[in-house]
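Chemist: Here you go, one structure.
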Amino acid sequence: MNTNFIIMGLPASGKTTFLAALWHLVEADEKECRLKLDGCDGDYTYLNLIAEAWLTFKPVPRTSQIGDEDVIIPLKDNVTGVSGQAFFPDLAGETFDRQVEDRVCKPEFIEALTNKRGILFFINADVKEDALTITELNARIPPEKTQTSEASAEEAELVVSPREWAPQDLPAQVKIVQLLSDMIRPPFVPLKRRIAIMISAWDLVRDMQMAPADWLAKHMPLVAQFLRANKSFFESQIYGVSAQGVSLKDHTAVNDVAQRSPSQRIQIVGPLSEGHDLTEPLVWLMSENA
């Protein structure tokens, strides 16, 4: 059994906020949760920094703002006694953007993914751009240059030269499928893996009254189809998670949530239940069948 797992996701997908809330949950022992911190070795300065921002309703600083950080949290299951490690490689999602756009990847990440079969993959629920039609998207692409035709000034018409497409223009779900498909071909070692899909900012879509798996099928059908078509490589569970619990721009909501204990801010919706224990998907990744 391999109980170690790795955290992945594009930029601004909720990884750092999740890490801040997770660190508070397992370190503060404020609320009963399935996993606890298994030892205190290591430098946890960065974890304390982001947890403090999370506790005080400040924007959690992304790794790209303070430099690269590889974070490892040792965890232990209170029920089974099984120990494992959560590995956050270079939390700045730009690393994964580069893998898709430039087709380059750090050797350290390839090695880490080989040694850690479980994956916690973050997807931001705020994916309005992915729902645009080609016509709508083209209308929003800024032109590279504008020139005037040879017609007279009264009949002059603007001729717009469209900007050339670039890999950065790929929709999020296309990038996600590329990252997942990379794992089942060299230089990665193709293995049967457990993957917990974490749909972050779940509070933004909660009113849709949809299960996380249904939301993924409707709003990111390419990702859902890929997971269904590749069950020989990925065993998946879909979760909706709001680690922040509230929009920091909504001051009334922040004042209301501030009256509760910090751990009560956390919302997680799993396949069978919902609650405040952010470690639920991690427990699944660490379970005996992984």
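Chemist: Can you tell me which of 247-254, 261-268, 4-11 comes out highest on packing, and rank the rest after it, using the mean Cβ neighbours within 10 Å?
Modeler: The peptides rank, most packed first, as 4-11, 261-268, 247-254.
Chemist: Past 20 Å, Cα to Cα, is the threshold; run K15/K175; K36/K192; K15/K192 against it and keep the listed order.
Modeler: Cα-Cα > 20 Å for K36/K192; K15/K192; rest within.
Chemist: I need to check one value: relative contact order of segment 211-290, counting alpha carbon pairs closer than 8 Å and at least 6 residues apart, in percent.
Modeler: The normalised contact order for segment 211-290 reaches 26 percent.
Chemist: Using a 1.4 Å probe on the protein heavy atoms only, what accessible surface does R260 show? Give it in Å² to the nearest 10.
Modeler: 110 Å²
Chemist: Okay, moving on. How long is the gain from D38 to T56 if the chain were fully straight, where each residue apart is worth 0.36 nm and the alpha carbon distance is subtracted? Could you put the intermediate results ahead of the total?
Modeler: Details: separation 18, 0.36 × 18 = 6.48 nm, distance 2.58 nm.
Once the chain is fully extended between D38 and T56, it gains 3.9 nm.
Chemist: Go through 165-172, 93-100, 19-26, 106-113 and give me the packing order, highest mean Cβ count within 10 Å leading.
Modeler: Working: 165-172: 12.8, 93-100: 19.0, 19-26: 24.5, 106-113: 14.2.
Highest to lowest by the protection proxy: 19-26, 93-100, 106-113, 165-172.
Chemist: Also: What's the center-to-center distance, using Cα atoms, between segment 197-245 and segment 9-36 in Å?
Modeler: Using only Cα atoms, the two centres lie 19 Å from each other.
The values are calculated or read from the model by the stated rules, or taken from the named source; none is laboratory data. Keep in mind it's a predicted model, so treat the numbers as computed, not measured. Quick reminder, even Gly has a Cβ in these numbers, built from the backbone with ideal geometry, and neighbours come from all protein chains shown. Surface areas here come from the heavy atoms of the whole protein model, side chains and all, with no ligands, DNA or RNA. Shrake-Rupley method; radii C 1.70, N 1.55, O 1.52, S 1.80 Å.
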